[in-house]
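Trainee: Structure provided below as structure tokens; questions to follow.
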Amino acid sequence: MADVLFTNVRIFDGGGEAPFTGDVLVQGNRIARVVKTGFGARSQPVAGARTIDGAGAFLMPGMVEAHTHFSWNDQPSLDAIQRMPPEEHILWCAQVAERYLDMGWTSCVGAACAKPRLDVVIRNAINDGTIVGPRYLAASQEITVPGGLGDTTQPHLPQSEFAFGAVVSGAEEMRRCVRTFAKWGVDSLKINLSGESITGMSSEMSQFTSEEVRVCVEEAKAWGKRVAAHARSTWSIKECVRQGIEVIYHASFTDEEALDMLEAHKTEHFIAPGLAWLINTCHNASQWGLTPEVTRRMGYHRELEAAVESMKAMRKRGIRILPGGDYGFAWTPHGTNAKDLEYFVKYVGMSTMEALLSATAWGGPMMRMGKVLGYIREGYLADILLIDGDPLADITVLQDKSRILAVMKDGEFHRAPEMHAAARPLSVSPMTRWAA
Ligand SMILES: [Zn+2]
């Protein structure tokens with residue numbers, strides 16, 4: 001692995017300060033040096049390191065996706081996802097994993113898979129170099145109850161082969177389920193605490209008893225696993241705080257008490273609302289029969305309004321809101337995930353700086369790697385993006401693969417920059433970037 005010296009780059013280091021012009025030296029898989037130089041200053045070459053003149057490009061930490069489902073196959077229903085045979089399904093996951101890295105997501109947090117071991121196998125294959133993909137935390141299937149979100153079993157078909165989720169009823173079945181996924185080697189357990197209106201069970205309904213949830217958390221902790229919850233209803237959000245469920249997905253329907261509880265425990269939770277699902281289900285899914293009229297009847301327009309209000313309130317209270325969520329449906333295809341950052345700015349009122357930090361600085365602890373991931377700082381792992389443009393001026397540049405000039409993960413280029421300082425026209429000149 002050759003060492004790399006990036007010179008003449010605008011460095012966004014993840015600390016929340018305005019970017020500065022400088023050099024970044026990568027040695028092995030770590031960031032060895034970060035130096036401020038001022039634009040146009042000459043950098044000294046480093047012996048043994050390949051020098052890359054960034055010509056004023058924007059250098060930032062690799063992004064972290066907080067709610068990833070590699071095994072969702074860009075289809076319009078849970079049924080269509082689960083019915084993909086395992087052989088095709090694992091190939092699909094491998095392809096999708098690479099797509100995330102292509103789009104600058106150097107880490108992803110698995111948020112459930114469609115067959116018991118898909119996530120674990122993909123994580124292991126990435127880690128041992130068999131396939132190319134981001135750093136990955138592997139999840140279980142969605143744990144649900146009979147009749148709940150993810151129970152797609154039918155009375156005339158064998159249950160185990162045809163269930164989208166892992167269906168349990170009662171504390172002892174929950175215990176067995178968590179232990180089984182721990183045996184497969186997952187990093188986290190995913191539990192569906194609330195419904196999901198498109199499946200016929202309202203997002204405002206809750207489906208487990210507190211005792212079942214307690215056993216899930218207790219067993220997960222005993223095996224050193226994290227718990228993440230699909231939690232749209234108010235009860236389910238509160239239950240996450242009461243029971244210490246670290247990762248809360250969606251969190252649409254809050255009340256004052258739920259917000260107070262989250263605020264009081266804000267260092268213990270991550271929220272990934274997955275606004276893309278709500279926004280696109282409401283407005284961009286007509287092609288699949290989900291016209292705005294249909295999704296309004298389902299309750300999604302009301303939920304989108306509630307979710308936006310909840311996220312605004314959480315942002316004001318300093319609760320951590322992270323990008324990611326339910327990409328992998330037909331109307332939220334994989335790879336378009338950076339739309340979440342645009343939605344944070346447009347819908348939630350975040351500044352572009354806050355949106356960037358949500359994908360970087362907060363991504364480190366979300367990956368449980370807060371001391372080594374999420375910043376451009378000496379000693380941190382070299383997960384680095386080089387962007388043509390300024391995401392602080394226009395957050396949507398991160399949605400455009402052609403603007404992501406380079407992707408480095410763990411000190412190695414997944415995509416090396418093809419740049420020659422003089423030849424590559426900049427979309428914005430370095431001087432006007434400063435003014436912005
Ligand atoms: Zn999800």
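Trainee: Compute a Gaussian network model of the chain, connecting alpha carbons closer than 10 Å, and tell me which residue from Asp255, Asp128, Asp119 fluctuates the most.
Mentor: Asp128
Trainee: Could you tell me which trypsin sites (Lys or Arg not before Pro) in the stretch 240-340 are loop residues by DSSP with no more than 14 other beta carbons within 10 angstrom of their beta carbon?
Mentor: Answer in residue order: Arg317.
Trainee: Under a point spin-label approximation (7 Å from Cα along Cα-to-Cβ), what is the Leu91-Arg296 distance to one decimal in nm?
Mentor: Roughly 4.4 nm, to one decimal.
Trainee: Oh, and also: Sorted from largest to smallest, which semi-axis lengths in Å does the alpha carbon gyration tensor of the stretch 127-255 give for its equivalent ellipsoid, taking the root of 5 times each eigenvalue?
Mentor: Ellipsoid semi-axes (Å, largest first): 22, 19, 16.
Trainee: Taking 0.36 nm per residue of sequence separation and subtracting the Cα-Cα distance, how much length would be gained by fully extending the chain between Glu418 and Glu257, in nm to one decimal?
Mentor: Here the answer is 52.7 nm.
Trainee: State the volume of the convex hull built on the alpha-carbon positions of the stretch 1-134, expressed per residue in Å³ and rounded to an integer.
Mentor: Taking the convex hull of the Cα positions in the stretch 1-134, it is 128 Å³ per residue.
Trainee: What percentage of all Cα-Cα pairs in the stretch 76-196 are separated by more than 21 Å?
Mentor: More than 21 Å apart: 39 percent of the Cα pairs in the stretch 76-196.
Trainee: Go through the stretch 299-381 and name the chymotrypsin sites (Phe, Trp or Tyr not before Pro) that are in a DSSP coil and have 15 or fewer other Cβ atoms within 10 Å of their Cβ.
Mentor: Hits after loop and neighbour filter: nothing returned.
Trainee: Moving on to the next point. Say the cut-off is 30 Å between C-alpha atoms; which of Lys115/Lys266; Lys339/Lys409; Lys312/Lys371; Lys36/Lys316 go over it?
Mentor: Table pairs above 30 Å Cα-Cα are Lys115/Lys266; Lys36/Lys316.
Trainee: Hydropathy at least -0.5 by Kyte-Doolittle, axial extent at least 30 angstrom from the Cα trace: which helices of the chain, defined as entire DSSP H runs, fit?
Mentor: The qualifying helices: there are none.
Trainee: Taking the Cα centre of the chain as the origin, how large is its charge dipole in debye, to the nearest 20, when only Lys and Arg (+1) and Asp and Glu (-1) carry charge on their Cβ atoms?
Mentor: 840
Trainee: Heavy-atom accessible area per residue, the stretch 63-366, 1.4 Å probe: how many Å²?
Mentor: About 35 Å² of surface per residue is accessible.
Trainee: When only DSSP loop residues count, what trypsin sites (Lys or Arg not before Pro) in the stretch 361-393 have their Cβ near at most 12 other Cβ atoms within 10 Å?
Mentor: Sparse-neighbourhood loop trypsin sites (Lys or Arg not before Pro): Lys371.
Trainee: For the stretch 277-391, what is the Kirkwood estimate of the hydrodynamic radius, computed as the reciprocal of the mean inverse distance between distinct Cα atoms, to one decimal in Å?
Mentor: Roughly 15.8 Å, rounded to one decimal.
Trainee: Which value, in debye to the nearest 20, gives the size of the charge dipole of the stretch 1-75 about its Cα centre, when Lys and Arg are +1 and Asp and Glu are -1 at the Cβ?
Mentor: Around 340 debye, computed over the stretch 1-75.
Trainee: Still on this model: Tell me the label-point distance for the pair Thr336, His283, using the 7 Å Cα-to-Cβ offset, in nm and rounded to one decimal.
Mentor: According to this spin-label approximation, the distance is 1.2 nm.
Trainee: Give me the distance between the Cα centres of the stretch 141-191 and the stretch 368-408, rounded to whole Å.
Mentor: Taking the Cα centre of the stretch 368-408 as reference, the centre of the stretch 141-191 is 37 Å away.
Trainee: Separate question: Which percent of Cα pairs goes in each bin when the distances of the chain are cut into 20 angstrom slices starting at zero?
Mentor: 27, 56, 17, 1
Trainee: If the reach is capped at under 17 angstrom between alpha carbons, list the lysines near Lys221, excluding any in the same chain fewer than eight residues apart.
Mentor: Lys183, Lys190
Trainee: Translational diffusion coefficient, Stokes-Einstein: compute it for the stretch 143-217 using the Kirkwood radius over C-alpha pairs as Rh, at 10 °C and 1.306 mPa s, and state it as an integer in µm² s⁻¹.
Mentor: 124
Trainee: For the chain, build the charge dipole from Cβ charges (+1 Lys, Arg; -1 Asp, Glu) around the Cα centre, then report which of Gly389, Thr7, Thr234 sits farthest towards its positive end.
Mentor: Going by the Cα projections, it comes out as Thr7.
The values are calculated or read from the model by the stated rules, or taken from the named source; none is laboratory data. Everything numeric in this text was worked out from a predicted model, so none of it was measured. So basically every Cβ, Gly included, is an ideal-geometry build from the backbone, and we count neighbours across all protein chains shown. All accessible areas refer to the heavy atoms of the entire protein, side chains included, with ligands and DNA or RNA removed. Shrake-Rupley method; radii C 1.70, N 1.55, O 1.52, S 1.80 Å.
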